[in-house]
Structures are given as structure tokens and as C-alpha cells.
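Okay, structure first, notes after.
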Amino acid sequence: MAEGSSGSEFTLDSIRKSLIRQEDTIVFCLMERARFPMNSALYNQSLDLVPGFSGPLVDFIVQETEAVQAKAGRYVNPEENPFFPDNLPPSLVPNYNYSQVLHPGGASININKAIWDMYLNQLLPLFVVAGDDGNYASTAASDLSCLQALSRRIHYGKFVAEIKFRDAPHDYEPPIRAKDADELMKLLTDERVEKMVKKRVEKKAIVFGQDVSGSNNTDSKHYKVDPSVVARLYDEWVIPLTKRVEVEYLIRRLN
Ligand SMILES: O=C(O)C(=O)C[C@]1(C(=O)O)C=C[C@@H](O)C=C1
């Protein structure tokens with residue numbers, strides 16, 4: 001389960017540590033994507049660039065990459081969710097014994113369609129410059145790294161919800177039985193933590209995204225990704241979508 005965790009130390013603290021580490025990955029992925037301009041031909045629905053494949057080039061690259069990764073066992077890991085789950089090939093490698101901490105109902109939760117739409121239509125235009133440099137394959141590889149990092153973070157809501165349920169079953173059981181999503185949302189929300197998360201990711205974008213020179217001068221006015229965009233990403237999408245996963249998980253928790 002959590003990076004650097006054996007599964008035996010499954011606590012809210014260890015889960016939050018993993019979320020904090022995943023912030024670094026997300027900020028670095030965005031900085032990598034910002035090296036390329038928009039390259040909008042990659043996302044164009046009507047340009048059939050690959051003979052025999054109907055759809056945008058980014059779909060082709062992501063589907064083919066996910067197929068290879070599925071054969072190598074990526075989606076056997078309960079932390080990983082594919083963007084194109086239909087017709088994925090099975091894993092060909094021996095199963096790793098992942099600790100099974102989630103309720104089986106959690107496996108059916110996959111909100112990658114919402115993450116894909118948010119990333120391509122809302123987030124990308126906020127941090128990528130206009131233009132076309134023809135580097136479509138590298139750009140798509142970079143997009144997929146961002147999408148996978150965001151997806152892993154948001155679906156980590158399943159683990160957060162599981163530990164919150166285990167820590168306070170008496171609080172969670174009545175709204176779960178009543179299928180009261182609003183009450184569950186209230187119970188799992190911790191505004192103090194959310195504020196801290198947003199502040200910290202903005203700071204990471206400032207620290208990681210500066211131009212570093214050999215002298216003592218750093219250019220603190222030019223960042224690889226605008227720190228306020230990273231704070232907005234968490235505020236408008238990452239945290240709300242994580243909470244949506246948490247509620248969806250809890251609703252199924254007693255099935
Ligand atoms: O850390 C938690 O308790 C979480 O549920 C995660 C998270 C987040 O997405 O960062 C989501 C909801 C809470 O209000 C606080 C933070």
C-alpha cells in the first residue's frame with residue numbers, strides 16, 4: 001500500500017505522510033509538462049493521426065502505454081486505476097502480495113474520467129504556454145505521468161476513508177446505513193488540514209520551481225509552474241475529488 005509503508009502501520013498519520021510525498025511527485029510532473037507548449041494537435045478529436053486508430057493521439061498513447069503496464073502488473077496494485085479500463089490485458093507477471101486493507105467494494109471506484117476531463121480541459125491551459133513544437137510523444141508521456149500521479153493521489157481517498165471508518169465506526173455507520181452522503185462529507189472533512197495542504201503545495205511549487213544558479217542568487221520571481229495554480233489545483237479539484245472518492249468508498253463500506 002502506501003509508499004514506504006508495510007501495511008502493518010496503517011494509520012491516518014502514515015496515510016497523510018504518503019499524501020505529502022505524493023505532492024512532490026505532482027509538482028515535479030507539472031514542471032516537466034510545462035517544458036512543452038500546449039501541442040493541441042495531440043488532443044484533437046478529429047485529426048486521426050494514427051492509421052487504424054480513431055481518436056486523439058493522446059488516447060492512442062495512453063491506451064497503448066496502459067496495456068503494456070497492465071501486462072507488467074500495474075493494475076493489480078489497489079492504488080492504481082487505469083484511464084481506459086475496457087479491454088485491458090491481464091497481468092502476465094507473478095502476483096505481488098499487496099496488503100489487502102480495503103473493503104472489496106472499493107475496487108469498483110474509478111473516477112479517472114472526471115480527472116482526465118479536469119486535467120485536459122481546465123488545468124493544462126492554466127500552466128502551459130500556447131504553441132506547437134511537434135514533440136507529441138514526449139508531451140503525452142508527460143501528460144500520462146501527471147494524470148497517473150493525480151489519479152493515485154485522488155484514489156488514495158479509499159485508504160483515507162478506510163482508516164477513518166476503522167478509527168470511528170460508531171460515527172460512520174449510521175450515515176452509511178442511511179446512505180447520507182452529505183453527512184459523510186461533513187464527518188470526513190477537516191478544514192484545518194485542507195488549509196495546511198494548500199499552503200504546503202504552493203510552497204513546494206515555489207521551492208522546487210525556482211531557477212537555481214551557481215551563485216547565491218536564485219530567481220525567485222520566475223517559477224516553472226505558477227505556485228498559485230498548484231494551490232488552485234488542490235483547492236478546486238484534488239481535495240474535492242479525493243473527498244468524492246472517500247464518500248463513494250464509505251457508502252459501499254458495509255455492503
Ligand atoms: O487528511 C485527511 O483527513 C483527508 O481526508 C484528506 C484531505 C485531502 O484531500 O487532503 C481530504 C479531506 C479532509 O478535509 C482533509 C484532507
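The values are calculated or read from the model by the stated rules, or taken from the named source; none is laboratory data. The shown structure was predicted, so the numbers you read here are calculated from the model rather than taken from an experiment. Using ideal geometry, Cβ is built from the backbone for each residue, glycine included, and neighbour counts are taken over all protein chains shown. Only protein heavy atoms, including side chains, enter the accessible area calculation; ligands, DNA and RNA are left aside. Shrake-Rupley method; radii C 1.70, N 1.55, O 1.52, S 1.80 Å.
Pairwise Cα distances in the range 44-179 exceed 25 Å in 39 percent of cases. Karplus-derived 3J(HN,Hα) values for the range 193-201, using 6.51 cos²θ - 1.76 cosθ + 1.60 with θ = phi - 60°, are 5, 4, 4, 4, 4, 5, 5, 5, 5 Hz; glycine and proline are entered as x.
Please compute the per residue accessible area over the chain with all protein chains in place, 1.4 Å probe, rounded to a whole number of Å².
Accessible surface, normalised per residue, equals 51 Å².
Could you please state how large a percent of the accessible area of the range 123-210 is carbon and sulfur, counting protein chains only and using a 1.4 Å probe?
Taking all protein chains in place, the range 123-210 shows 53 percent carbon and sulfur surface.
What number, rounded to the nearest 500 deg cm²/dmol, is the helix-based mean residue ellipticity at 222 nm of the chain, given -39500 (n - 2.57) per DSSP H run of at least four residues and division by all its residues? That calculation yields -16000 deg cm²/dmol at 222 nm.
Across all directions, the average flat footprint of the convex hull enclosing the Cα atoms of the range 12-252 is 15.7 nm². Highest-first packing order for the peptide set 72-79, 96-103, 199-206 is 199-206, 72-79, 96-103, based on the mean count of other beta carbon atoms within 10 Å. The alpha carbon centroids of the range 9-39 and the range 62-108 are separated by 20 Å.
Quick one: grab the alpha carbon gyration tensor of the range 109-166, order the square roots of its eigenvalues as a ≥ b ≥ c, and give me rounded if a/c is under 1.5, else prolate or oblate depending on whether a/b is larger than b/c. Since a/c reaches 1.5 and a/b is larger than b/c, the shape of the range 109-166 is classed as prolate. Rounded to the nearest 10 degrees, the inclination of helix 57-71 to the longest alpha-carbon principal axis of the chain is 50 degrees.
Can you spot the lysines whose alpha carbon is less than 29 Å from K195's alpha carbon? Ignore those fewer than 8 places along the same chain. Within the straight-line limit of under 29 Å, K195 reaches these lysines: K17, K113, K158, K164, K179, K186, K203, K204, K221, K224, K243. Couplings for the range 17-34, taken from phi via the Karplus curve 6.51 cos²θ - 1.76 cosθ + 1.60 with θ = phi - 60°, read 4, 5, 4, 5, 5, 5, 4, 4, 4, 5, 4, 5, 4, 4, 5, 5, 5, 5 Hz in order; Gly and Pro are left as x.
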